[in-house]
Amino acid sequence: MNFFIGCAVWAYKGWLGELYPQGTRATEFLHLYSRRFTTVEGNTTFYAIPNAETVSRWATETPPGFEFCLKLPRDITHKGLLAPYIPTALDFLAGMRPLGKHLGPIFAQLPPSYSPASIDDLAMFLEAWPRQESPLALEVRHPDWFREPHTTNLTQLLQTLGVGRVLLDSRPIYSGDDDPQLQSERRKPKLPLQFSVTAPFCLIRFISHPNLSVNQPFMEEWVSQIQQWLDSGVKIYFFVHCPLEERSPNIARHFQQLLEQNAVAVPPLPWNQLDFPPNQLSLW
């Protein structure tokens, strides 16, 4: 598979009746989620590291082809410099190995305080990561990373090491009205979006607006871009977020439909292959 699509989490009770049948137990969420989508962002590891038993259970509950793209814990990425936490990061990776083929690229999300002044520290961390064994992607949030010469310096570093880029698209939530329900997601940085890849894969984090009409022009732009990247052999992981998490699954499903309608060669969405999927809510 060269295209994976999913949401940021799998354990969300608000999806009962939409993504999951009514009455589904929380212990069944991952099993069902992984038979509707092909990847999950796995934000859970940012806040807490699962034990070995939990990681093994994740592997057994998910079907072949499903991948976890787990976020490095904040105790590694949000404590200042990265180099002192290289051993901790390698220990984290070792703890995720029981996932086997279910382990997709891991990504490091750096805080807005981590600036290009620390690029030597960043290079040391990235060089220490066993990239041939486990692909790594990077998300930067300090505004200076998006200004020259820092943009070029970072791109060259990532390309040289084969580290992927995390593309954060927060444009939809900064478009449209000033609905109060968007305020929580607008804590995410409003940064330029660079349509570029630095490795054979990339992660796209689409921060969607609750109203589909606001998302539509941005989604259409992504359809065109994804077509180009897939044609050039890039593996793509596309994650949908939404301030109203109830809507994330159907927004992701709509994007899959857009890709198919535009004849983009992506694998079928497992959700659409179910004999009796939950009724789709009328959200727009």
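The values are calculated or read from the model by the stated rules, or taken from the named source; none is laboratory data. Predicted model only: the values in this text are computed from it and were never measured. Cβ: placed from backbone, ideal geometry, glycine included. Neighbour counts: every protein chain shown.
Among the residues that make up segment 120-130, is at least one of them touching a Gly at 6+ places or on another chain (Cβ under 8 Å), crowded, with 20+ Cβ neighbours inside 10 Å, touching a residue at least 12 places away in the same chain (Cβ under 8 Å) and in a helix (DSSP H, G or I)? No, there is no match, as no residue in segment 120-130 is touching a Gly at 6+ places or on another chain (Cβ under 8 Å), crowded, with 20+ Cβ neighbours inside 10 Å, touching a residue at least 12 places away in the same chain (Cβ under 8 Å) and in a helix (DSSP H, G or I). Annotation note: Cβ proximity below 6 Å between a residue of segment 167-179 that is over 27 Å from LEU154 (Cβ atoms) and a residue that is assigned to a loop (DSSP other than H, G, I, E, B) and at pLDDT 85 or above (sequence gap 6+ or interchain) occurs for GLY176/HIS209. Checking VAL264 against (1) surrounded by fewer than 19 Cβ atoms within 10 Å (Cβ to Cβ); (2) part of a helix (DSSP H, G or I); (3) at pLDDT 95 or above; (4) not polar (S, T, N, Q), which single condition isn't satisfied? It is condition (2) that VAL264 fails. The residue of segment 131-159 that is surrounded by the fewest Cβ atoms within 10 Å (Cβ to Cβ), among those that are β-branched (Val, Ile, Thr) and within 22 Å of TYR237 (Cβ to Cβ), is THR155. Reported count of residues in segment 111-120, each being over 16 Å from GLU148 (Cα atoms) and over 24 Å from the mean Cα position of the chain (by Cα), is 1.
Just one of (1) of a type in the set (Val, Ile, Thr); (2) over 18 Å from the mean Cα position of the chain (by Cα); (3) closer than 19 Å to LEU203 by Cβ fails for VAL9. It is (2). Here's a check for you: in segment 8-63, which residue that is in contact (Cβ under 8 Å) with a residue 40 or more places away in the chain and of a type in the set (D, E, K, R) is farthest from ASN272 (Cα to Cα)? Of everything passing the filter in segment 8-63, GLU41 is farthest from ASN272 (Cα to Cα).
Once segment 10-40 is narrowed to residues that are out of contact with any Lys or Arg (no Cβ under 9 Å at 6 or more places or on another chain) and aliphatic (A, V, I, L, M), the residue that is surrounded by the fewest Cβ atoms within 10 Å (Cβ to Cβ) is ALA11.
Listed here are the residues, each with its yes/no results for (1) farther than 22 Å from PRO267 by Cβ; (2) surrounded by 22 or more Cβ atoms within 10 Å (Cβ to Cβ); (3) in contact with a helix residue (DSSP H, G or I) (Cβ under 9 Å, 6 or more places away or on another chain); (4) modelled with pLDDT under 95.
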| site | (1), (2), (3), (4) |
| --- | --- |
| ASN43 | yes, no, no, yes |
| THR54 | yes, no, no, no |
| TRP58 | no, yes, yes, no |
| GLU61 | no, no, yes, no |
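Can you tell me which residues in segment 19-67 are part of a strand (DSSP E or B) and either in contact with a strand residue (DSSP E or B) (Cβ under 6 Å, 6 or more places away or on another chain) or among the aliphatic types (A, V, I, L, M) (or both)? Hits for segment 19-67 are THR39, VAL40, GLU67.
Among the conditions (1) buried (at least 20 other Cβ atoms within 10 Å of the Cβ); (2) assigned to a helix (DSSP H, G or I), the only one that ILE86 does not satisfy is (1).
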